[in-house]
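Engineer: Structure below; questions to follow.
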Amino acid sequence: RVVRQLSSKPLSAVYLVRTGSSQLAVLKQFALPSCVDDSQSKKIARLVADFETECQILKQIDNPLISKVLDTFSDGGSHYMLLDYAPGRDLLRVVQEHGVFGDSECARIAIDVAEIMVKLHSHAPAILHRDLTPDNLVITPAGAIRLIDFGSAHQFVEGITGTLVGKQAYIAPEQLRGKATVQSDIYSFGCCLYYLATGKEPVALTQCDART
């Protein structure tokens, strides 16, 4: 049952829902374009297969610091990803409301996020988040840092639309070219720490001037 819509974009939407067991969860919807030719249809089929494969891998992750993928399914022309709900406040909102974090707080958060990265990147094959930003890091009521969402959803929409999804200020150069690696997540990790310490988003590489 849908509790409320959290966001809506072309071909995608995010909802806060309540499952059959009355637990809160996050449901991500991805709509497929209805009018496509044969070549586009084959491309979409590959993207769907890759998305489903990655979601099956994500379902194997069972760590309290990482939002768990509960299920994936299709209905009509849409595909869905169901994730467990992480109560708390994301770091973007915390900085906006209360100001930047001090050195010791940044260090503690860095250690927690580094532990999460190790868990993901040590998986065989390595799991890439692809969307590590302050609003995807949540402080739980107990004070722990929890990683939510996964960029596999963005990759799915990007493949269909041909348009880059996500905050460019946190995206590494190779990821901008469509070649995300483990190092891409580490780059985004550094950008997050910069924001927490300064309250300013890094300048996106697409906006940088190499002469300055």
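The values are calculated or read from the model by the stated rules, or taken from the named source; none is laboratory data. What you see is a predicted model; the values in this text were computed from it and never measured. Neighbour counts are summed over all protein chains in view; Cβ atoms, including those assigned to glycine, are modelled from backbone coordinates with ideal geometry. Accessible surface is based on the protein model in full, side chains and every heavy atom, while ligands, DNA and RNA are left aside. Shrake-Rupley method; radii C 1.70, N 1.55, O 1.52, S 1.80 Å.
Engineer: Going residue by residue through segment 114-121, is there one that turns out to be open to solvent by less than 30 Å² (accessible area, probe 1.4 Å), on the phi < 0 side of the Ramachandran plot, in a strand (DSSP E or B) and among the aliphatic types (A, V, I, L, M)?
Structural biologist: No, because not a single residue in segment 114-121 is open to solvent by less than 30 Å² (accessible area, probe 1.4 Å), on the phi < 0 side of the Ramachandran plot, in a strand (DSSP E or B) and among the aliphatic types (A, V, I, L, M).
Engineer: Residues of segment 99-113 being part of a helix (DSSP H, G or I) and either in contact with a Gly (Cβ under 7 Å, 6 or more places away or on another chain) or open to solvent by less than 40 Å² (accessible area, probe 1.4 Å) (or both), which ones?
Structural biologist: C106, I109, A110, D112, V113
Engineer: Moving on to the next point. Being in contact with a His (Cβ under 6 Å, 6 or more places away or on another chain) and either crowded, with 16+ Cβ neighbours inside 10 Å or more than 28 Å from A169 (Cα to Cα) (or both) is true for just one of F73, F30. Which residue is that?
Structural biologist: The conditions single out F30.
Engineer: Given the criterion surrounded by 14 or more Cβ atoms within 10 Å (Cβ to Cβ) and out of contact with any Leu (no Cβ under 7 Å at 6 or more places or on another chain), identify the matching residue among L82, L92.
Structural biologist: So the residue among L82, L92 that is surrounded by 14 or more Cβ atoms within 10 Å (Cβ to Cβ) and out of contact with any Leu (no Cβ under 7 Å at 6 or more places or on another chain) is L92.
Engineer: Residue by residue through segment 42-79, note down the ones that are in a helix (DSSP H, G or I), closer than 16 Å to D149 by Cα and hydrophobic (A, V, I, L, M, F, W, C).
Structural biologist: Hits for segment 42-79 are F51, C55, I57, L58.
Engineer: Residues of segment 18-32 being free of Cβ contacts under 8 Å to residues at least 40 places away in the same chain and assigned to a strand (DSSP E or B), which ones?
Structural biologist: Result: R18, single match.
Engineer: How many residues does segment 50-70 hold that are touching a strand residue (DSSP E or B) at 6+ places or on another chain (Cβ under 6 Å) and surrounded by 14 or more Cβ atoms within 10 Å (Cβ to Cβ)?
Structural biologist: Within segment 50-70, residues that are touching a strand residue (DSSP E or B) at 6+ places or on another chain (Cβ under 6 Å) and surrounded by 14 or more Cβ atoms within 10 Å (Cβ to Cβ) number 8.
Engineer: Output the residues belonging to segment 81-129 that are of a type in the set (G, A, S) and free of Cβ contacts under 8 Å to residues at least 60 places away in the same chain.
Structural biologist: If the condition is that a residue be of a type in the set (G, A, S) and free of Cβ contacts under 8 Å to residues at least 60 places away in the same chain, then G88, G102, S104, A107, S122, A124, A126 are the ones that fit.
Conditions (1) open to solvent by 80 Å² or more (accessible area, probe 1.4 Å); (2) modelled with pLDDT under 95; (3) in a loop (DSSP other than H, G, I, E, B), marked per residue:
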{"position": "V165", "(1), (2), (3)": "no, yes, yes"}
{"position": "A169", "(1), (2), (3)": "no, yes, no"}
{"position": "K179", "(1), (2), (3)": "yes, yes, yes"}
{"position": "I186", "(1), (2), (3)": "yes, no, no"}
{"position": "C192", "(1), (2), (3)": "no, no, no"}
{"position": "Y195", "(1), (2), (3)": "no, no, no"}
{"position": "P202", "(1), (2), (3)": "no, yes, yes"}
{"position": "R211", "(1), (2), (3)": "yes, yes, yes"}
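Engineer: For segment 145-163, name all the residues that are in contact with a Pro (Cβ under 9 Å, 6 or more places away or on another chain) and modelled with pLDDT under 90.
Structural biologist: V157, I160, T161, T163 - these are the residues of segment 145-163 that are in contact with a Pro (Cβ under 9 Å, 6 or more places away or on another chain) and modelled with pLDDT under 90.
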